[in-house]
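*Asks:* Have a look at this one.
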């Protein structure tokens, strides 16, 4: 409602740990991943005899409490916090999905978006499979529930089923999968969405175990030690014997981690590709200061996601960094919607200017991205209302000119202000004294600076460049 920032699809978490309270651990992990989705949350567990699940609409703390966590018994759990991209926002699309298969319970949590979902849906319907939601994640669980080509040998062959799914599916997916015997973690061959592995030491008589999560920030929250990232195209099986790994058997593909994870999505205390998100964002701000300097008195960031870039800009430009906007961090925690009068002032519901830091000063306002352009203008006006003599907008990513089809909520060209307007027109539209974006080259240099010259792997920058890592119908 308030933010111009793009929305991520979701966050996922999985745990296999005998003797531990896996539901409670999953709750706190989802709480750490709340920034990745605020529409719904859910946890499914398996105790060796029967599965348990609870899902609901809202934030993690609104969905779960002691009474509904207590029945979620077991040694294996998967959790999910969602923002809808494919599939609208209602309880039927909330995850994890859980069904009873021929070989016991099967549950999944999915982060990403399948670009060939329509074709997959048609194939399932033609096979007589009934579908109850509009989410592409339901397609995944139904594909996994189906017998793999050649049939199961000596019981359920989940690796064969996962490989069969990976051969058919296109797009972005990081998955946590609950089965009767094990927890599986799967990352798509391009590595578009992040996924990492952690080790959990035993406590209170528990044996400990392993966890997987969308981001490393969730590991620290639950006391798990970071082990490594799940590689693109890798499948992990986690059970009593520990962790086993294999790679998918399809053609080799260049990795393409979504660069927006660095720009905005990931929490600043997370790491990706073994480098600090906060440090990368600071480098983005430094690069922006070199590319787009301006005569000014102070630098402010749009809290909280643009703060590291604003610090980097200020250091590189030799300008003081200060807070210009204070944020009400609780406004998003209510289901009570504002009336028409309040909606017209929705930015003021979330931010207030700090007049003592702004009055009479030429201000550089750093934002991490401009997508639809519906927030930056009111923020500029707030700074002027707070006494700023000039407001120069600097954006620590390039103009978003192309839709994303891999799990980000910006799916049509007409939603994107940079597709409709030039930089000069956008500047006039938002009422700034000047506006400049970081270049694609500057962004990628800042991202890769911590990886080394010969670091393997690549990144998807399609929303900026229009170069998609897979074939899409734009």
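*Asks:* Could you tell me the calculated FRET efficiency between residue 99 and residue 352, based on Cβ-Cβ distance and R0 = 60 angstrom, to the nearest 0.05?
*Replies:* Given R0 = 60 Å and the Cβ-Cβ separation, E is 0.80.
*Asks:* Ordered by packing density, taken as the mean number of other Cβ atoms within 10 Å over each peptide's residues, highest first, how do 420-428, 286-294 rank?
*Replies:* 286-294, 420-428
*Asks:* Using 0.36 nm per residue of separation minus the Cα-Cα distance, give me the extension gain between residue 269 and residue 28 in nm, one decimal.
*Replies:* 85.2 nm
*Asks:* Sticking with the crude label model, points 7 Å out along Cα→Cβ, report the distance from residue 385 to residue 304 in nm, one decimal please.
*Replies:* 2.4
*Asks:* Let me ask something else. Which FRET efficiency value, to the nearest 0.05, do you get for residue 199 and residue 421 by plugging their Cβ-Cβ distance into 1/(1 + (r/R0)^6) with R0 = 51 Å?
*Replies:* Values: r = 49 Å, r/R0 = 0.97.
Taking R0 as 51 Å, the efficiency between residue 199 and residue 421 is 0.55.
*Asks:* Could you please rank 10, 460, placing first whichever residue has the fewest other Cβ atoms within 10 Å of its Cβ?
*Replies:* Values: 10 29, 460 24.
Exposure proxy ranking, most exposed first: 460, 10.
*Asks:* Follow-up question, since we're still on this one. Kirkwood Rh over Cα pairs of the chain into Stokes-Einstein at 25 °C, 0.890 mPa s: D in µm²/s?
*Replies:* Details: Rh = 23.1 Å.
Using the Kirkwood radius from Cα pairs, D works out to 106 µm²/s.
*Asks:* Is the range 155-310 best put as rounded, prolate or oblate by its Cα gyration tensor, with a ≥ b ≥ c the root eigenvalues, rounded for a/c under 1.5, and otherwise prolate when a/b is larger than b/c, oblate when not? Write down the numbers at each step before the final one.
*Replies:* On the way: a/c = 3.59, a/b = 1.71, b/c = 2.09.
Since a/c reaches 1.5 but b/c is at least a/b, the shape of the range 155-310 is classed as oblate.
*Asks:* Another question, then. Classify the range 10-253 as rounded, prolate or oblate, taking a ≥ b ≥ c as the square roots of the eigenvalues of its Cα gyration tensor: rounded when a/c is under 1.5, otherwise prolate if a/b is larger than b/c and oblate if not.
*Replies:* rounded
*Asks:* Counting pairs of alpha carbon atoms under 8 Å apart in space and at least six apart in sequence, what relative contact order in percent does the range 275-460 give?
*Replies:* Averaging sequence separation for qualifying contacts and normalising by length gives 23 percent for the range 275-460.
*Asks:* Angle between the Cα long axis of helix 117-126 and the longest principal axis of the chain, 0 to 90 degrees, nearest 10?
*Replies:* Here the helix axis deviates by roughly 30 degrees.
*Asks:* What distance in nm separates the two pseudo spin-label positions at residue 472 and residue 160, each 7 Å out from Cα along the beta-carbon direction?
*Replies:* Between residue 472 and residue 160, the simple spin-label model gives 3.5 nm.
*Asks:* Ok, one more. How tilted is helix 277-291 with respect to the longest principal axis of the chain? Cα atoms for both, answer in degrees (0 to 90, nearest 10).
*Replies:* Here the helix axis deviates by roughly 30 degrees.
*Asks:* Would you calculate, for the chain, the mean residue ellipticity at 222 nm contributed by helices, counting each DSSP H stretch of 4 or more residues as -39,500 (n - 2.57) and dividing by all residues, to the nearest 500?
*Replies:* Value at 222 nm, helices only, nearest 500: -7500 deg cm²/dmol.
*Asks:* If I fit a long axis through the Cα atoms of helix 307-317 and take the longest principal axis of the Cα atoms of the chain, what angle between them do I get, 0 to 90°, rounded to 10?
*Replies:* 40
*Asks:* Would you kindly give the portion of the calculated P(r) for the range 43-141 that falls above 24 Å, as a percent of all Cα pairs?
*Replies:* I get 26 percent for the Cα pairs in the range 43-141 exceeding 24 Å.
*Asks:* At a 10 Å Cβ-Cβ cut-off, how would you order 406, 166, fewest neighbours first?
*Replies:* 166, 406
*Asks:* Which of rounded, prolate, oblate describes the range 102-234, given a ≥ b ≥ c as roots of the alpha-carbon gyration tensor eigenvalues and a/c under 1.5 marking rounded, otherwise prolate only if a/b is larger than b/c?
*Replies:* Prolate, since a/c reaches 1.5 and a/b exceeds b/c.
*Asks:* If I stretch the segment between residue 134 and residue 227 completely, what's the gain in nm (0.36 nm per residue apart, minus their alpha carbon distance), one decimal?
*Replies:* 29.9 nm
*Asks:* Give me 43, 408, 162 sorted ascending by neighbouring Cβ count inside 10 Å, so fewest comes first.
*Replies:* Numbers: 43 31, 408 26, 162 21.
So the residues, fewest neighbours to most, are 162, 408, 43.
*Asks:* Now a separate question. Taking every Cα atom in the range 275-460, find the radius of gyration and the maximum pairwise distance Dmax, and write them in Å.
*Replies:* Gyration radius and largest Cα-Cα distance of the range 275-460: 16.8, 55 Å.
FYI, it's all coordinate maths here, none of it is from the lab. A quick note: this is a predicted structure, and the numbers were derived from the prediction, not measured. Positions of Cβ are generated from backbone atoms using ideal geometry, with glycine treated the same way; all protein chains shown enter the neighbour counts.
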